[in-house]
1. Being crowded, with 17+ Cβ neighbours inside 10 Å and either within 10 Å of residue 115 (Cα to Cα) or free of Cβ contacts under 8 Å to residues at least 12 places away in the same chain (or both) is the filter here, so list the residues in the stretch 46-57 that pass it.
2. Would a scan of the stretch 136-146 turn up a residue that is touching a strand residue (DSSP E or B) at 6+ places or on another chain (Cβ under 9 Å), more than 30 Å from residue 63 (Cβ to Cβ) and open to solvent by 30 Å² or more (accessible area, probe 1.4 Å)?
3. Looking only at residues in the stretch 234-257 that are in a helix (DSSP H, G or I) and touching a strand residue (DSSP E or B) at 6+ places or on another chain (Cβ under 6 Å), which one is modelled with the highest pLDDT?
4. Which pairs do you get when a residue that is in contact (Cβ under 8 Å) with a residue 12 or more places away in the chain, found in the stretch 317-329, comes within reach of a residue that is open to solvent by 100 Å² or more (accessible area, probe 1.4 Å), reach meaning Cβ atoms under 8 angstrom, with the pair 6+ apart or on two chains?
5. Looking at (1) touching a strand residue (DSSP E or B) at 6+ places or on another chain (Cβ under 9 Å); (2) outside any helix (DSSP H, G or I); (3) crowded, with 17+ Cβ neighbours inside 10 Å; (4) at pLDDT 85 or above, can you tell me which one residue 408 breaks?
6. Restricting to the stretch 83-105, name every residue that is open to solvent by 80 Å² or more (accessible area, probe 1.4 Å) and closer than 14 Å to residue 47 by Cα.
7. Taking the stretch 297-318 as the region of interest, how many residues are modelled with pLDDT of 90 or more and assigned to a helix (DSSP H, G or I)?
8. With 170, 181 as the choices, which residue is closer than 24 Å to residue 110 by Cβ and modelled with pLDDT under 80?
Amino acid sequence: MTTFVDRVELHVAAGSGGHGCASVHREKFKPLGGPDGGNGGRGGDVILVVDQSVTTLLEYHHSPHRKATNGQPGAGDNRSGKDGQDLVLPVPDGTVVLDKQGNVLADLVGQGTTFIAGQGGRGGLGNAALASARRKAPGFALLGEPGEARDVVMELKTVADVALVGYPSAGKSSLISVLSAAKPKIADYPFTTLVPNLGVVTAGSTVYTIADVPGLIPGASQGRGLGLEFLRHVERCSVLVHVLDTATLESDRDPVTDLDVIEEELRQYGGLDDRPRIIVLNKIDIPDGQDLADMIRPDLEARGYRVFEASAIARTGLKELSFALAEIIAAARAAKPVEEATRIVIRPKAVDDTGFTVVQEEDGLFRVRGEKPERWVRQTDFSNDEAVGYLADRLNRLGVEDELMKAGARAGDGVAIGPEDNAVVFDWEPTMMAGAEMLGRRGEDHRLEAPRPAAQRRKDRDAERDEAQREYDEFDPF
């Protein structure tokens, strides 16, 4: 059974916004009291948050589909819908978020670091919010926007100061078990370590983490063995420690050749040339191991490596090794730039930026792309003529009709708003009539302009009395 997963594909779907409500206030003796439809609630976001108590992506391997809740629709009496609840997903420290093409979206390092993987949709406005001096009683409301849905890839890169690398059964797990309080699985067969093991080491005043990376073999950078899966775990380390087995029982291997093979795999993987290296000649408690270490040590030091001899069984050479690593790590930490608070960068758009584009495609179709036009289309209820007329007014005020004319569009030409896979297509008519204009201006309710019956009767009686008085005055013989 899989107990450790460091790469998963996650399918996230944020919540959709609730629809706005189209409602008219009614009470006794006041049948048309004005619009009182509330706004729809915002859809919930899908948020990734670093939680250092989480060490694997196993949960998302078993449940890769995650969805936040939708916003509730608005209601009459100016009642807004409830916002959808955000879905917070804890991830391990060191998680990298990528899109399907491999582009890095976020590098989550540090407790509490967050990334919004899916943005919740906006709630639609109710007709009360759409009312104005010219549009006193809108008979429509805006729809809620759908939540963002996309697929992301999460990769876990272990956050450790030191990475132990080497062939399988070189003694890496034994070293980390005696250098720290970690309790990895230890056995005398290859590929005992199937997951990276982390341990904490204290050397004087320096505290650092050390990772035992699963054994590497030739071709690891191309996917052989477990190398490709776990080479990513050495990317964040400050120092690489080559653990060389001086007591190997394989006749075709020797420590120097092992070092050259592992270095070649690291070179092909890339991005690790600037990391300092330390050589640990392990298993010197075996007589043949000590003899071999004495033979190859001068050659390794001639290459410029710092070489340490150690034995996890006899617990020799460990103190010198731990303090040497602490010295390198302290220097690396001091060389790092001071972390500054995240700056909020505001990039205002140019004044002459229309916010949309109009392009004529090869088949003669005119396609409109832009944040505002596409959002307005998603929020329009096309079963309501008044809502369609409102959309046409907004597009006209934005300048879409002018740009269509400049692009050569004529009455009856096809116009699409939105991307190819999800666009609204219609035959363009300049200053189109949506049908609601037959009753008056768009968004107006002529019923509110009609006088109340009692007031009309008083006006009629007053008019009759005035007319009778005028006729009497004209008939007066005196």
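The values are calculated or read from the model by the stated rules, or taken from the named source; none is laboratory data. Model, not experiment: these values are computed from the prediction. We place every Cβ from the backbone using ideal geometry, glycine too, and count neighbours over all the protein chains shown. The accessibility values were calculated without ligands, DNA or RNA, using every heavy atom of the protein model including side chains. Shrake-Rupley method; radii C 1.70, N 1.55, O 1.52, S 1.80 Å.
1. Those that are crowded, with 17+ Cβ neighbours inside 10 Å and either within 10 Å of residue 115 (Cα to Cα) or free of Cβ contacts under 8 Å to residues at least 12 places away in the same chain (or both): 46, 47, 48, 50.
2. Yes, the stretch 136-146 contains at least one residue that is touching a strand residue (DSSP E or B) at 6+ places or on another chain (Cβ under 9 Å), more than 30 Å from residue 63 (Cβ to Cβ) and open to solvent by 30 Å² or more (accessible area, probe 1.4 Å).
3. Taking the candidates together, the pick is 255.
4. Cβ pairs passing all conditions: 324/306.
5. Of everything listed in (1) touching a strand residue (DSSP E or B) at 6+ places or on another chain (Cβ under 9 Å); (2) outside any helix (DSSP H, G or I); (3) crowded, with 17+ Cβ neighbours inside 10 Å; (4) at pLDDT 85 or above, residue 408 misses just condition (3).
6. 85, 88
7. Counting residues in the stretch 297-318 that are modelled with pLDDT of 90 or more and assigned to a helix (DSSP H, G or I) gives 6.
8. After applying the criteria, what remains is 181.
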